[in-house]
Amino acid sequence: MFTLSAFFIFCCATVAVAVLLQSGADPVIKDDGEYPDWLWKMDLPMKSELEAKGVANLSPAEARRYYQLQSTATIKENNMTR
């Protein structure tokens with residue numbers, strides 16, 4: 001059975017606390033060149049940006065992202081009212 005002792009906290013590309021298991025060690029942070037290129041190209045729009053474009057004007061990928069964000073917001077709102 002694994003026990004979480006801390007969460008990943010990223011700040012300025014530096015891991016502040018990274019021990020996930022009580023008996024584990026911090027992961028080694030590699031140079032930027034050792035990570036895949038797509039990692040640095042992830043530029044996902046925020047919900048407000050998508051709403052500003054208008055839901056009817058979104059591409060299929062943007063519409064999917066919008067509905068995912070909307071669903072997450074609804075779940076969070078419902079959880080807060082419990």
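Please work out which residue is farthest from the chain's Cα centre (by Cα), limiting yourself to the range 8-44 and to residues that are loosely packed, with under 10 Cβ neighbours inside 10 Å, at pLDDT below 70 and part of a loop (DSSP other than H, G, I, E, B). The selected residue is Ser23.
Among the residues of the range 45-73, those that are assigned to a helix (DSSP H, G or I) and aliphatic (A, V, I, L, M) comprise Leu50, Ala52, Val55, Ala56, Ala61, Ala63, Leu69, Ala73.
The values are calculated or read from the model by the stated rules, or taken from the named source; none is laboratory data. In this text the structure is predicted, and so the values were computed from the model without any measurement. We place every Cβ from the backbone using ideal geometry, glycine too, and count neighbours over all the protein chains shown.
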